[in-house]
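Reading through the structure tokens given below for one structure.
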Amino acid sequence: MNTGARFTKWGLGLFIFGVFLTLGPIAHYLVGSQHDNGEMFMHNITLWWGCPWTLSVAVTQIGGLGMAAFGLTHLVTARLASNTANNQGPGGLLLCIAGVLGTFLVGFPGYFVFDKIWPRFYYDPVPTGKNAWLMGQGFFIVVYFIGLIRAFGNERRALNRIGEPIN
């Protein structure tokens, strides 16, 4: 039950953090970007949604909700599968936390680091900077996904053992 409670608490906390992060894109829309928007950017604005932090905010919110849902699922599984040792350990949880926070760090504050290395990479076609920034976020999204798959496998095995005799 401890793992389910931790998944739920972390998930709800990350979701609330993601809601707070929406203030960044709102400020971006109100204040404007730190650089002039180039002609190429204006043609491709639907790809980027007009703000560099949209992906990291969305992953933080959706990832947090997914973790909360998984935590509640784990609590139910632990109750239903009382004949099994459903203590999967922190592996899946830690990967999920690292995935969400890593995506945030690369996508939101990391944007400013990438912009120092490749100025205007977001607004002008600077493929090296853009690809490195997006691949960094993509890497952590994959870490989150691996954490969910690990945790899901443990839950599935526990649910499959329901009804088996207790040894």
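Laboratory data are not the source of any read-out in this text; all were calculated from the coordinates shown. Because the structure is a prediction, the values reported are computed rather than measured. All Cβ positions, glycine included, derive from the backbone under ideal geometry; neighbour counts span all protein chains shown.
Summed over the range 120-156, residues that are in contact (Cβ under 8 Å) with a residue 24 or more places away in the chain, surrounded by 14 or more Cβ atoms within 10 Å (Cβ to Cβ) and over 18 Å from the mean Cα position of the chain (by Cα) total 6. Of all residues in the range 3-25, those being free of Cβ contacts under 8 Å to residues at least 40 places away in the same chain and surrounded by 15 or more Cβ atoms within 10 Å (Cβ to Cβ) number 2.
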